[in-house]
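Undergrad: Here it is: the structure, laid out below.
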Amino acid sequence: MNFCVALGGNPNAGKTTLFNALTGSRQHVGNYPGVTVDRKEGRYVQNGHDMHIVDLPGTYSLTAYSVEEVVARDFLVNERPRVTINIVDASNLERNLYLTIQFLELGIPTCVALNMIDVARGRGIEIDHNKLSRLLGVPVVPIVARSGFGKKALMDAVETVAEAPLRQPLRVSYGPDLETAIQEMEKMITGGNFLTDLYPSRWIAIKYLENDEQILEKGGGTDPQISDQLEAVTRKVGAHIEETLETYPEAMIADHRYGFISSMLKQGVVKELHDRNRLFLSDRIDKVLVNRFAGPIIMLLVLMGLYQFVFTYSELPVAWCEKAFEWLSDLVSATLSDGLLKSLIVSGVIDGVGGVLGFVPLIMFMFFGIAVLEDSGYLARVAFMLDRVFQIFGLHGSSVMAYIVSGGIAGGCAVPGVMATRTLRSPKERIATLLTAPFMNCGAKLPVFALLIAAFFPQSRARMMFILTLISWGGALLAAKFLRMTVVKGASTPFVMELPPYRLPTFRGLMIHTWERTWQYAKKAGTVILGISVLLWAAMTFPRLPDAQIETYDTQRRGIVSTASPRVVEELEKSAGAQPLSAAAVELKDDLLAVDARQAGAALRHSLAGRIGTGIESVTRWAGFDWRTNIALLGGFAAKEVIVSTLGTAYSLGTVDVEATDSLAVKLAAEPGWRILTAWSLIVFVMFYAPCFVTVVCIARESSWKWGAFSMVFNTSLAFFLAVAVYQAGTALGY
Amino acid sequence: MATINIRHMQVNQEGTIASVKVGGELGRRLRDMGLVPGTAIKIQGRAPLYDPVALRLKGFTLTLRNNEADLIDVEVNG
Ligand SMILES: Nc1nc2c(ncn2[C@@H]2O[C@H](COP(=O)(O)OP(=O)(O)OP(=O)(O)O)[C@@H](O)[C@H]2O)c(=O)[nH]1
Ligand SMILES: [Mg+2]
């Protein structure tokens, strides 16, 4: 039998962990609510059943609140999977069952997975799952998603649910006032066959009483007359309840649901050894880590410590990588004869892709550090501590996570960062967040900064990265404030967030995390970046210099050779590089190389990319960018990694130097047009200019094309303005 | 017994929710998260700028801004 099995439950209950355990996927797991924001699909086969498993974003209720919750709710309510596995956090049973009750009221075939029983046990909570199963009327299977314990038993239970006939929806009693109204409404609903092909009549009545917008809309569209009647009943009973009990129907419904749960749990389902609100280890850690005075300091120290760790331990492997690519490049240079093919391989492929791949160790260490912070639960604390600050700038505590995912701790990616804004309730705050999240230092910008830092600030790498992080957060917050005061004005939304307990990250989890992201980075370098590098190489090579011009350089070379003495010419031709040359031969060689360099420079200028680069140089000179940097920055519109690879290509095409084995950092530091101020200006520009193409598409998809286009124009203008300001002010001050 | 709202509670102070005086979307969200009358809560801490506040209820930790905390009345001893 083929059927669909959905994983539904509260945020952070372990749905994705179970999904990965079942399907062998490596979807992102993290210890904060709202990691998964879109549905993910996989397969699980057992006893000849081919199950289509769907992982959903977490939701606290079937009446959805934010965008990612709508995704979950729509899937469960409209697409009706054959079985829904309701993942319940056993250490937080009461609140998790609130959603379970709603599943059962809707009557969807449910199987409860009692997850994290290891955590519950550690807290002295014993759960009688058999009794719970009897009371709920559905299977309840204890599992530990992290270790895979109970997986088989759970899936056996899923099979029985799939094969069993549909059950009657659960009935929770809502007290005399509401029950009278519900009965009246059910009559109207069944009488008019109002949505009854989709939902149980009692459920529809309850949703009307709860003022569930989606159902009201659907009902109004199907049969406006009955819908109006139902709303009239809601208003009537609402007015009555407000008058006599000073509360609202939906509040009464919630009260009764929680009442139902606690009376169920009191029947010996849960045994707690300790007072439930006592402080566990996690809370004692929080006493220090989110302490009002120590908290912010610790936060900065954690960030600084992470960078120190990354730069210290990645320095050596990065140097090895560079050496390896230099060796490869030398090898190819020596084997291939001069010509287009050699230029393509050395300048296009090796310098291009190698420039990006060389940073793999750095990226890997960074991802590892971020994974530790994410899996432990510390990032949720950062969101908690920064909410008030973000509020000042018109943003929200949930924006913090979007920032961090985008590269708020250098090394993220703006694409999942933009997706992460789904957890923001208000569209205004959401747009302001997704427009500013790309200002963070994503893993693609990191190599550019690492390169410039290595070239111009070699003494203080970690400190520079720390400063750059602060600049990007500061810039993003100010830009957000500006946007919130102009184009996306509007009130702020409430901040109601669950703080997950700290968890010790598992070694395996960290490895998967690090590996997955590093692999993606490397894969991108080998595919997209390779393609763009080759294209850019072609743009930097064609059209080639006209023959007449090549001829003039050849003439110059012949002239130099003819004026030298034949003995010296012969020495130079014969030399294999081993024995030192005489002074005269060195001079001859240098003269010839100078001509080569002039020719290479002229060829690059003559190429398509060179013409564009020089064409806009008159503008970009204000920010201190020469035409070669312009080429790289134009490439960066496609993907930010390309900046490093194109700088590599531009500086290897444009200069011919036999001792060309210098790394790009050394070349840049030695270039006459480059100084520390140029580096600053370039860093600022790269940090703030248009998001890469994929991010723009993602912004457009998550909002509209208008905002996608806006992000390109606004960000690039802002970046250019800032870069010019830095460069001009710096120059005026004599730097 | 006195009734105060969460904004005015001290860290570590305990109480029982008396009422949640807000309807609509926000009210629903607060109730979905377990803030219903009769629930025992304890203030666990406050963020560096005194806002948001972290509460402990039903065995988990919930954070909310003071603006939301204002809407929740709690019965406290003394
Ligand atoms: N101790 C323990 N931790 C678990 C278990 N299952 C999941 N976790 C951890 O719980 C956290 C949340 O897991 P996820 O799988 O990302 O949760 P989710 O339900 O997909 O969360 P959202 O996507 O945010 O809705 C992670 O840190 C997991 O490592 C378990 O059985 N025991
Ligand atoms: Mg998930």
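Undergrad: Name the pairs whose Cβ atoms lie under 6 Å apart, with the first residue in the range B:25-41 and of a type in the set (A, V, I, L, M, F, W, C), the second surrounded by fewer than 22 Cβ atoms within 10 Å (Cβ to Cβ) and in a helix (DSSP H, G or I), and 6 or more positions between them or separate chains?
TA: Note: pairs meeting the criteria are B:VAL36/A:ASP255.
Residues are listed down the side, and each one gets a yes or a no for (1) closer than 30 Å to A:LEU136 by Cβ; (2) within 12 Å of chain B (Cβ to nearest Cβ):
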site: A:GLU250; (1), (2): yes, yes
site: A:LYS266; (1), (2): yes, no
site: A:VAL270; (1), (2): yes, yes
site: A:ASP275; (1), (2): yes, yes
site: A:LEU281; (1), (2): no, no
site: A:VAL288; (1), (2): no, yes
site: A:ARG292; (1), (2): no, yes
site: A:GLY295; (1), (2): no, yes
site: A:TYR313; (1), (2): no, no
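Undergrad: Just need a number here: residues in the range A:502-536 that are open to solvent by less than 20 Å² (accessible area, probe 1.4 Å) and away from ligand 1 (no atom under 16 Å from the Cβ).
TA: 5
Undergrad: Out of the residues in the range A:488-501 that are away from chain B (no Cβ under 11 Å) and not basic (Lys, Arg), which is least open to solvent (accessible area, probe 1.4 Å)?
TA: Selected residue: A:VAL488.
Undergrad: Next question. Going through B:VAL20, B:VAL36 one at a time, which residue ends up being touching a Phe, Trp or Tyr at 6+ places or on another chain (Cβ under 7 Å) and of a type outside the set (Asp, Glu)? Give the derivation first.
TA: Numbers: B:VAL20 fails: touching a Phe, Trp or Tyr at 6+ places or on another chain (Cβ under 7 Å).
Of the residues listed, the single one that is touching a Phe, Trp or Tyr at 6+ places or on another chain (Cβ under 7 Å) and of a type outside the set (Asp, Glu) is B:VAL36.
Undergrad: For the range A:606-639, enumerate the residues that are in contact (Cβ under 8 Å) with a residue 40 or more places away in the chain, under 20 Å from A:PHE693 (Cβ atoms) and assigned to a loop (DSSP other than H, G, I, E, B).
TA: Selection gives A:GLY636, A:PHE637, A:ALA638, A:ALA639.
Undergrad: For the range A:30-56, what are the residues that are among the charged types (D, E, K, R), open to solvent by 10 Å² or more (accessible area, probe 1.4 Å) and within 12 Å of ligand 2 (Cβ to nearest atom)?
TA: Once the filter is applied, which keeps residues that are among the charged types (D, E, K, R), open to solvent by 10 Å² or more (accessible area, probe 1.4 Å) and within 12 Å of ligand 2 (Cβ to nearest atom), the range A:30-56 yields A:ASP38, A:ARG39, A:LYS40.
Undergrad: Can we say A:ASP338 is surrounded by fewer than 18 Cβ atoms within 10 Å (Cβ to Cβ), part of a loop (DSSP other than H, G, I, E, B) and modelled with pLDDT under 90?
TA: yes
Undergrad: Take A:TRP674 and decide whether it is out of contact with any His (no Cβ under 6 Å at 6 or more places or on another chain) and surrounded by 19 or more Cβ atoms within 10 Å (Cβ to Cβ).
TA: On the way: out of contact with any His (no Cβ under 6 Å at 6 or more places or on another chain): yes; surrounded by 19 or more Cβ atoms within 10 Å (Cβ to Cβ): yes.
Answer is yes for this residue.
Undergrad: Does the range A:431-458 hold any residues that are in a loop (DSSP other than H, G, I, E, B) and either open to solvent by less than 10 Å² (accessible area, probe 1.4 Å) or aliphatic (A, V, I, L, M) (or both), and which are they?
TA: Kept after step one, since they are in a loop (DSSP other than H, G, I, E, B), are these residues of the range A:431-458: A:440-444, A:457.
Those that are in a loop (DSSP other than H, G, I, E, B) and either open to solvent by less than 10 Å² (accessible area, probe 1.4 Å) or aliphatic (A, V, I, L, M) (or both): A:MET440, A:ASN441, A:GLY443, A:ALA444.
Undergrad: Here is a further query. Just checking, which of A:GLY411, A:GLY407, A:GLY417 is part of a loop (DSSP other than H, G, I, E, B) and buried (at least 23 other Cβ atoms within 10 Å of the Cβ)? Working first, answer last.
TA: Numbers: A:GLY407 fails: part of a loop (DSSP other than H, G, I, E, B); A:GLY417 fails: part of a loop (DSSP other than H, G, I, E, B).
The conditions single out A:GLY411.
Undergrad: Quick test of your reading of the structure: A:GLY8 fulfils all but one of (1) in a strand (DSSP E or B); (2) under 27 Å from the mean Cα position of the chain (by Cα); (3) over 30 Å from B:LEU35 (Cα atoms); (4) not hydrophobic (A, V, I, L, M, F, W, C). Name the failing condition by number.
TA: (3)
Undergrad: Residues being open to solvent by 10 Å² or more (accessible area, probe 1.4 Å) and either within 6 Å of ligand 1 (Cβ to nearest atom) or in a helix (DSSP H, G or I) (or both): count how many of those fall in the range A:16-29.
TA: Taking the range A:16-29 as the starting set, the residues that turn out to be open to solvent by 10 Å² or more (accessible area, probe 1.4 Å) are A:16-17, A:20-29.
With either within 6 Å of ligand 1 (Cβ to nearest atom) or in a helix (DSSP H, G or I) (or both) added as a condition, the list becomes A:16-17, A:20-23, A:29.
Qualifying residue count, the range A:16-29: 7.
Undergrad: Which ones in the range A:81-103 are among the β-branched types (Val, Ile, Thr) and assigned to a strand (DSSP E or B)?
TA: Kept after step one, since they are among the β-branched types (Val, Ile, Thr), are these residues of the range A:81-103: A:83-85, A:87-88, A:100-101.
If the condition is that a residue be among the β-branched types (Val, Ile, Thr) and assigned to a strand (DSSP E or B), then A:VAL83, A:THR84, A:ILE85, A:ILE87, A:VAL88 are the ones that fit.
Undergrad: Residue pairs, Cβ under 6 Å, 6 or more apart or interchain, first in the range A:507-529 and in contact (Cβ under 8 Å) with a residue 60 or more places away in the chain, second open to solvent by 100 Å² or more (accessible area, probe 1.4 Å). List them.
TA: Note: pairs meeting the criteria are A:ILE512/A:ARG26; A:GLU516/A:ARG26.
Conditions (1) touching a strand residue (DSSP E or B) at 6+ places or on another chain (Cβ under 7 Å); (2) farther than 29 Å from A:LYS207 by Cβ; (3) away from every other protein chain (no Cβ under 11 Å), marked per residue:
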position: B:HIS8; (1), (2), (3): no, yes, yes
position: B:ILE17; (1), (2), (3): yes, no, no
position: B:VAL20; (1), (2), (3): yes, no, no
position: B:GLY23; (1), (2), (3): no, no, no
position: B:LEU35; (1), (2), (3): yes, no, no
position: B:ALA54; (1), (2), (3): yes, yes, no
position: B:LEU71; (1), (2), (3): yes, no, no
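Undergrad: Kindly indicate the residue of the range A:696-727 that is over 17 Å from the mean Cα position of the chain (by Cα) and of a type in the set (Ser, Thr, Tyr) and also least open to solvent (accessible area, probe 1.4 Å) among those meeting that condition. Working first, answer last.
TA: If we filter the range A:696-727 for residues that are over 17 Å from the mean Cα position of the chain (by Cα), which is where we start, we get A:704-727.
Then keep just the ones that are of a type in the set (Ser, Thr, Tyr); that gives A:704, A:711, A:716-717, A:727.
Working: A:SER704: 40, A:SER711: 0, A:THR716: 34, A:SER717: 68, A:TYR727: 34 Å².
Of everything passing the filter in the range A:696-727, A:SER711 is least open to solvent (accessible area, probe 1.4 Å).
Undergrad: Here is a follow-up. Can A:GLY58 be described as assigned to a loop (DSSP other than H, G, I, E, B) and either more than 21 Å from A:LYS271 (Cβ to Cβ) or in contact (Cβ under 8 Å) with a residue 12 or more places away in the chain (or both)?
TA: Taking the combined requirement at face value, the residue satisfies it.
Undergrad: Further question: Looking at A:MET51, A:MET116, which one is modelled with pLDDT of 95 or more, on the phi > 0 side of the Ramachandran plot and of a type outside the set (Lys, Arg)? Can you show your working first?
TA: Working: A:MET51 fails: on the phi > 0 side of the Ramachandran plot.
The conditions single out A:MET116.
Undergrad: If you don't mind, there's one more thing I want to ask. Please go through the range A:30-80 and pick out each residue that is more than 25 Å from the chain's Cα centre (by Cα) and within 14 Å of ligand 1 (Cβ to nearest atom).
TA: A:SER61, A:LEU76
Undergrad: Given the structure, is A:VAL71 within 15 Å of ligand 2 (Cβ to nearest atom) and surrounded by fewer than 22 Cβ atoms within 10 Å (Cβ to Cβ)? Before the answer, list the steps.
TA: Details: within 15 Å of ligand 2 (Cβ to nearest atom): yes; surrounded by fewer than 22 Cβ atoms within 10 Å (Cβ to Cβ): yes.
So A:VAL71 fits the description; yes.
Undergrad: Continuing with this model, one more query. Where residues in the range A:90-117 are within 16 Å of ligand 2 (Cβ to nearest atom) and hydrophobic (A, V, I, L, M, F, W, C), which of them is surrounded by the fewest Cβ atoms within 10 Å (Cβ to Cβ)?
TA: A:LEU99
Undergrad: Right, another one. Residue under question is A:GLU179, and the condition is that it be within 35 Å of the chain's Cα centre (by Cα) and closer than 18 Å to A:GLU250 by Cβ; does it hold?
TA: Numbers: within 35 Å of the chain's Cα centre (by Cα): no; closer than 18 Å to A:GLU250 by Cβ: yes.
No, not satisfied.
Undergrad: Please specify each residue of the range A:118-156 satisfying the condition of being in contact with an Asp or Glu (Cβ under 7 Å, 6 or more places away or on another chain) and surrounded by 17 or more Cβ atoms within 10 Å (Cβ to Cβ).
TA: The first filter runs over the range A:118-156 and keeps only residues in contact with an Asp or Glu (Cβ under 7 Å, 6 or more places away or on another chain), leaving A:124-125, A:144.
Those that are in contact with an Asp or Glu (Cβ under 7 Å, 6 or more places away or on another chain) and surrounded by 17 or more Cβ atoms within 10 Å (Cβ to Cβ): A:ILE125, A:VAL144.
The values are calculated or read from the model by the stated rules, or taken from the named source; none is laboratory data. Remember, it's a predicted structure, so these values are computed and weren't measured experimentally. Note: ideal-geometry Cβ built from the backbone for every residue, glycine included; neighbour counts use all protein chains shown. Surface accessibility is based on the protein's heavy atoms, side chains included, excluding ligands, DNA and RNA. Shrake-Rupley method; radii C 1.70, N 1.55, O 1.52, S 1.80 Å.
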